[in-house]
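The values are calculated or read from the model by the stated rules, or taken from the named source; none is laboratory data. Every value quoted in this text rests on a predicted model; they were computed, and no experiment measured them. Backbone-built Cβ (ideal geometry, glycine too); neighbour counts: all protein chains shown. Heads up: the accessible areas ignore ligands, DNA and RNA and are worked out on the full protein's heavy atoms, side chains in. Shrake-Rupley method; radii C 1.70, N 1.55, O 1.52, S 1.80 Å.
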Amino acid sequence: MKKIKRILIANRGEIAVRIMKTARKMGIKTIAIKTAVEPSAMYLSYADIVYDDTEDESEIPVFLNIDRIIEIAKKTDADAIHPGYGFLAENAYFADKCLDNGIIFIGPSPDSIYKIGNKTIARKIALANKIPMAMGSQDNIANEEEAVKIAEKIGYPVIIKAASGGGGRGMRIVRNPEDMEKLFIIASREAEKAFNDPSVFIEKYIENPKHIEFQIPGDKKGNIIHLGERECSIQRKHQKLLEEAPSCALDEKLREEMGMIAVKLASAAGYYSAGTVEFLLDSDKNFYFMEMNTRIQVEHPVTEEITGIDLIEQQIRIAAGEELRIKQSDVKINGWAIECRINAEDIQAGFAPDPGKIEKLSLPDEDYIRVDTGVTEGSVIVPSYDSMIAKLIVKGHDRRDALKKCKLALDKVWIKGVKTTLPFFRMLIRHPKFIDGSFTTSFIDELNQYYYNSEYEEMIAAWLATKLFIEENLSEDSIKLDFSESREINPWLLNKRLSQF
Amino acid sequence: MTTGKPKINKLYAISSQNSKYVFSLPLKNIIKIGKRKYEIKLKHDEKFGTYILWKNRKYPVEVVRSRQNKYEILFNDISYTFTIETPFGYKRLKVLSKQKGKKEKEYIKAPMPGKIVDVLVREGSQVLTGEPVAVLEAMKMQNEIQSPVSGTVIKVSARPNTNVVKDDILVEIKVEA
């Protein structure tokens, strides 16, 4: 067993901060990489050592540059690399490269990343182990003609998925044969761009399911357990917005059944480290294996909150060769946790990213609230990375209590400078379908309004617009106001258009 | 105020969804709801920036855009656009809206900054409402840009593998009569 003393964080943002917090607790030194895109990012201040890569002239971002990351790890004497999520987290070649260079990769083996990460192979493993799955193509689909043929056999609607995919990229639902050709090309092209692999396969599309996933930790000796489920049905274009644990759709019996199947699949793939087995659950409580993610996930905090287990710590211990100390019977689910992903997005413009500088930021500090963030006041949400500002995680005794606390917590968040997903969550926690738990993955598509504004809010905004107009046009006074960067003209610099009146 | 012209005694704030709010002048720091009056305060400090104090709660406010008499306001994280009109302007607007005909040309614009990965139409192509005209990649997602109208493509400004900013015109369409 090799002790880990120094970890290079091959990531940025909140997950870099998250990993460094646990490493510090464990007495492990961390190295962060400073890039030209974000030279004053918050995560840098959490590291023991900052490697300056701002002079990097390579065309690919450093977090995707395998050779560069290995080189930095060697230069900084790192004995392990944590990839976080995204970037190189599920790249088998990168994991292999780390091992070749005598560096511990904090994650599963390159072999299981490859097998599980490739959905076509994962499906074969699942099939061999009698894991319930939606009907689909045995192999990757070569072309549009084959896609049409197979879809006819399965029956529409079907879903095209990228073999190496994740996060909704390279994924398209096809309801009619006439759309197949167009959508097949789009999905395949998107897959190639995102994962360097254009191969796609087809599956029967399960209508209106819930997205339920199980958290797995496993060690190198083959001990694998599950830490219960997460409910991630609140998604837009397959991007999760809110997650909770546990799920109100599962009872103890179903939880045990699905959990055991998740463990069985992970065992079959020789899996170790933290991983997630994703299922679709239909309205008759039939469940289907969808895919397994071989990384720590964005939504891991909700599981940590209800089990009391630090997943990053488990990843580090397992990577160092330690045995899992927790047994399945030790795992107790305690309370209810909800995570809201507060992103810089304009929900009124179809959740379009709204990058920019965070002018004001105030995040709540209460014992029932956990905030995982990689930004601070003055930070910039850059267009080249994801739009996450913070994850707001609340914990209650039960779901009702968690919802109540979530409502309170959302009103305590204060962000200025960028538009955020906050009004979406304010709507969500008041929506009857969300409250009663009957929501499915199509919830957002079925909404008429994506945000909540209490009565009279529009009237107050109208009052303010009127006040501004008066200040600009009818009086000599001016009031101090915040203006977004995107403003076209500063009203205070305008000539007073008194002559108009 | 200049003399000799009629004094303005009220202003109309018209939202983009055509809701109308009328405020009498001089503007009071009071909003009337039914018979009850509530005080409204516009404040600014270092910690919160500009905010509105209403019924003992702070709400963040920002001005996103202001152009002539049009204001886009961000209030409690939601954006509202208002056109402010004098009584005279309001009357004229009402007359104009009655005369307003159908749109002849539709400009399809980039809904967000990103990169055009594919252009799916050519000049002269016929498009139907909802038909994709281009594929835009933004924040690692590929999005189909669909035509909001049916008609004929008269100009294609979007080029594959070029970057666009928000509101760049991608395609011009002559709307079907």
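Distance between the modelled labels on residue B:28 and residue A:237, one decimal in nanometres: 4.8 nm (7 Å Cα→Cβ projection). Here the 3J(HN,Hα) profile of segment B:52-57, calculated from phi with Karplus coefficients 6.51, -1.76 and 1.60 at θ = phi - 60°, is 10, 9, 8, 6, 6, 10 Hz, Gly and Pro shown as x.
Here the Karplus curve 6.51 cos²θ - 1.76 cosθ + 1.60, taken at θ = phi - 60°, turns the phi angles of segment A:16-27 into couplings of 5, 4, 4, 5, 5, 4, 5, 4, 4, 4, 8, x Hz, with x standing for Gly and Pro.
For segment B:12-46 versus segment B:123-172, the inter-centroid distance based on Cα atoms is 40 Å. Within segment A:166-206, name every residue whose backbone N is under 16 Å away from a label modeled 7 Å from Cα of residue A:142 along the Cβ vector. Only A:199-202 fall inside the zone, counting backbone N under 16 Å.
Working from Cα pairs under 8 Å separated by at least six residues, relative contact order for segment A:39-182 is 14 percent.
With the whole protein complex present, residue B:120 retains an accessible surface near 80 Å², based on a 1.4 Å probe. Taking the longest Cα principal axis of chain A as reference, the axis of helix A:119-128 is set at about 40 degrees. Electrostatic tally near residue A:213: other residues with Cβ closer than 14 Å to its Cβ, Lys and Arg +1, Asp and Glu -1, net -3.
Between the beta carbons of residue B:129 and residue B:92, assuming R0 = 41 Å, the FRET efficiency works out to 0.80 to the nearest 0.05. When the accessible areas of B alone and A alone are added and the area of the pair subtracted, with a 1.4 Å probe, the result is around 6500 Å², both sides summed.
Computed over the alpha carbons of the protein assembly as shown, Rg followed by Dmax gives 27.2, 92 Å.
For segment B:1-89, the dipole from Cβ point charges (+1 on Lys and Arg, -1 on Asp and Glu) about the Cα centre works out to 480 debye, to the nearest 20. Which of rounded, prolate, oblate describes chain B, given a ≥ b ≥ c as roots of the alpha-carbon gyration tensor eigenvalues and a/c under 1.5 marking rounded, otherwise prolate only if a/b is larger than b/c? In terms of gyration-tensor shape, oblate. DSSP assigns beta bridges within the protein assembly as shown; of those with both partners inside it, close to 90 percent run antiparallel. Between the listed residues A:271, A:19, B:148, the Cα displaced farthest toward the positive end of the dipole of the protein assembly as shown, a dipole computed from Cβ unit charges relative to the Cα centre, is found at B:148. FRET efficiency for the residue A:129 to residue A:101 pair, using the beta carbon distance and R₀ = 45 Å, is estimated at 0.85. The amide H of residue A:104, built 1.01 Å from its N in the peptide plane, has A:80, A:81 as neighbours under 5 Å, considering only residues 5 or more places off or on other chains. A simple spin-label model places the labels of residue A:325 and residue A:260 2.9 nm from each other, with each point 7 Å out along Cα-to-Cβ. Let me make sure I get this right: for segment B:74-140, a, b and c are the square roots of the gyration tensor eigenvalues over alpha carbons, sorted descending. Under 1.5 in a/c it's rounded, otherwise prolate if a/b > b/c, else oblate. Which is it? It is oblate, given that a/c is not under 1.5 and a/b is not larger than b/c.
Principal-axis analysis of the Cα atoms of chain A puts helix A:66-75 at an angle of about 90° to the longest axis. Looking at segment A:21-116, the accessible area is 45 square angstrom per residue; that uses a 1.4 Å probe and ignores ligands, DNA and RNA. Given +1 at the Cβ of Lys and Arg, -1 at the Cβ of Asp and Glu and no other charges, the dipole of chain B around its Cα centre is 1560 debye to the nearest 20.
Placing +1 on the Cβ of every Lys and Arg and -1 on the Cβ of every Asp and Glu, with no other charges, gives segment A:209-340 a dipole of roughly 300 debye about its Cα centre. Shape class of segment A:1-66 from the alpha-carbon gyration tensor: prolate, with a/c at 1.5 or above and a/b greater than b/c.
Please compute the length gained on full extension between residue B:39 and residue B:68, using 0.36 nm multiplied by the number of residues separating them and subtracting their Cα-Cα distance.
7.6 nm
Centre-to-centre, using Cα atoms only, segment A:47-95 and segment A:297-375 are separated by 23 Å.
Taking 23 Å as the straight-line reach from the Cα of residue A:130, the lysines in range (excluding those fewer than 8 positions away in the same chain) are A:115, A:119, A:153, A:161, A:204, A:210, A:253, A:264, A:285. Taken one residue at a time, the phi angles of segment A:59-64 give Karplus couplings (6.51, -1.76, 1.60, θ = phi - 60°) of 6, 8, x, 4, 5, 10 Hz. Gly and Pro are set to x.
Summary value for chain B: 16 percent relative contact order, contacts being C-alpha pairs under 8 angstrom separated by 6+ residues.
The angle separating the long axis of helix B:87-99 from the principal Cα axis of greatest extent in chain B is about 30 degrees. Distances between placed amide hydrogens fall under 5 Å for residue B:65 paired with B:72, all partners being 5 or more residues away or on another chain. Averaging the sequence gap over all C-alpha pairs within less than 8 Å and six or more residues apart, then dividing by the number of residues, gives chain A a relative contact order of 13 percent. Accessible surface computed residue by residue for segment B:1-98, with neighbouring protein chains in place and a 1.4 Å probe, gives 62 Å² per residue. Taking amide H positions as modeled 1.01 Å from N, with prolines and chain starts lacking one, the residues under 5 Å from residue A:51 and 5 or more places away or on another chain are A:32, A:33, A:34. With the simple spin-label model, which puts each label point 7 Å out from Cα in the Cβ direction, the residue B:104 to residue B:155 separation comes to 1.4 nm. For chain B, the carbon plus sulfur part of the accessible surface works out to 49%, probe radius 1.4 Å.
Here chain A has 47 percent of its accessible surface on carbon and sulfur atoms, given a 1.4 Å probe and all protein chains in place.
From helices alone, the protein assembly as shown scores -7500 deg cm²/dmol at 222 nm; the rule is -39500 (n - 2.57) for each run of n ≥ 4 DSSP H residues, then divide by the residue total.
Ranking A:468, A:128, A:248 by how far each Cα lies toward the positive end of the dipole of the protein assembly as shown (charges on Cβ) leaves A:468 at the top.
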